[in-house]
1. Any residue that is without any contact (Cβ under 8 Å) to a residue 40 or more places away in the chain, more than 18 Å from Glu81 (Cα to Cα) and not in a strand (DSSP E or B) - is there at least one of those in segment 25-37?
2. Filter segment 26-45 down to residues that are surrounded by fewer than 17 Cβ atoms within 10 Å (Cβ to Cβ) and over 19 Å from Glu94 (Cβ atoms) and give me whichever is farthest from the chain's Cα centre (by Cα).
3. Residue check, Tyr101 against (1) under 23 Å from Thr12 (Cβ atoms); (2) in contact with a helix residue (DSSP H, G or I) (Cβ under 8 Å, 6 or more places away or on another chain), all met but one. Which one?
4. Across segment 10-25, what is the total count of residues that are over 25 Å from Thr141 (Cα atoms) and open to solvent by less than 30 Å² (accessible area, probe 1.4 Å)?
5. Name the pairs: first residue in segment 68-91 and farther than 21 Å from Tyr122 by Cβ, second residue among the hydroxyl-bearing types (Ser, Thr, Tyr) and assigned to a strand (DSSP E or B), Cβ to Cβ under 8 Å, at least 6 apart or on different chains?
6. Does Ala50 count as among the aliphatic types (A, V, I, L, M), open to solvent by less than 40 Å² (accessible area, probe 1.4 Å), in a helix (DSSP H, G or I) and modelled with pLDDT of 95 or more?
7. Inside segment 57-153, counting only helices (runs of 4 or more DSSP H) that do not spill past its ends, which hold 2 or more residues that are open to solvent by 70 Å² or more (accessible area, probe 1.4 Å) and charged (D, E, K, R)?
8. Please enumerate the residues belonging to segment 37-58 that are in contact with a Leu (Cβ under 9 Å, 6 or more places away or on another chain), more than 16 Å from Val117 (Cα to Cα) and among the charged types (D, E, K, R).
Amino acid sequence: MLQAGMKAPDFTLNDQHGKEIHLSDYLGKKVVLYFYPKDNTPGCTRQACAFAESYAAFQAQEVAVIGVSKDSVASHVRFAEKFNLPFVLLSDPELTAIQAYDVWQEKKMCGKTSMGVVRTTYIIDEEGMIEKVMPKVKPDTNAAEILDYLAAR
């Protein structure tokens, strides 16, 4: 797992509008980069909606919110439209950023072991350094925990 104090790996992925996004585009701005398993699943939907509900608070602090999963651009379009998600969703079907951020891991569910995205959030500072790592976050409280962390700084 990447650690606080490390340089955040740069990447180039397409957002839900098909636009190429580079993490380096956000230099000079704090970024909440959250990795989630799959669009339109219960936990991922709750997490995305919590970020959407808190989006004004993130904007007020000039913090960008970016969600990443291996879903397609088309899936992200439907997900963003269905739940009015105002932030960037990046499609990573080749697992480029997912593997660079070490969130593609073995998971156990119902006695079966498989590889998948472990729900993880990184806070990246204005210089592109990892400020905080939040592994195995809870979908319902992740956005609020980040806002609490930012307020305490």
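The values are calculated or read from the model by the stated rules, or taken from the named source; none is laboratory data. None of the values given here were measured: they were computed from a predicted structure. Here Cβ is always computed from backbone atoms with ideal geometry, including for glycine, and neighbour counts include all displayed protein chains. Remember, those area values only see protein heavy atoms, side chains included, never the ligands or the DNA or RNA. Shrake-Rupley method; radii C 1.70, N 1.55, O 1.52, S 1.80 Å.
1. Quick first cut of segment 25-37, residues without any contact (Cβ under 8 Å) to a residue 40 or more places away in the chain only: 25.
Then keep just the ones that are more than 18 Å from Glu81 (Cα to Cα); that gives 25.
Next, from what is left, pick out any that are not in a strand (DSSP E or B): 25.
Yes, some residue in segment 25-37 is without any contact (Cβ under 8 Å) to a residue 40 or more places away in the chain, more than 18 Å from Glu81 (Cα to Cα) and not in a strand (DSSP E or B).
2. Taking segment 26-45 and keeping what is surrounded by fewer than 17 Cβ atoms within 10 Å (Cβ to Cβ), we get 27-29, 38, 40-43.
This time we only want the ones that are over 19 Å from Glu94 (Cβ atoms), so: 27-29, 40-43.
On the way: Leu27: 17, Gly28: 18, Lys29: 15, Asn40: 15, Thr41: 15, Pro42: 16, Gly43: 14 Å.
Out of the qualifying residues, it is Gly28.
3. Exception for Tyr101: condition (2).
4. Filtering segment 10-25 for residues over 25 Å from Thr141 (Cα atoms) gives 10-14, 17-22, 24-25.
This time we only want the ones that are open to solvent by less than 30 Å² (accessible area, probe 1.4 Å), so: 11, 13, 21.
Of the residues in segment 10-25, 3 are over 25 Å from Thr141 (Cα atoms) and open to solvent by less than 30 Å² (accessible area, probe 1.4 Å).
5. Once the first residue is farther than 21 Å from Tyr122 by Cβ and sits in segment 68-91, its partners that are among the hydroxyl-bearing types (Ser, Thr, Tyr) and assigned to a strand (DSSP E or B) give Ser72/Ser91; Val73/Ser91; Ser75/Ser91.
6. Values: among the aliphatic types (A, V, I, L, M): yes; open to solvent by less than 40 Å² (accessible area, probe 1.4 Å): yes; in a helix (DSSP H, G or I): yes; modelled with pLDDT of 95 or more: yes.
Answer is yes for this residue.
7. 73-83, 142-152
8. Residues of segment 37-58 that are in contact with a Leu (Cβ under 9 Å, 6 or more places away or on another chain), as a first pass: 39, 48-49, 51-52, 54-55, 57-58.
After this cut, where a residue has to be more than 16 Å from Val117 (Cα to Cα) as well, the list is 49, 51-52, 54-55, 57-58.
Those that are in contact with a Leu (Cβ under 9 Å, 6 or more places away or on another chain), more than 16 Å from Val117 (Cα to Cα) and among the charged types (D, E, K, R): none in segment 37-58.
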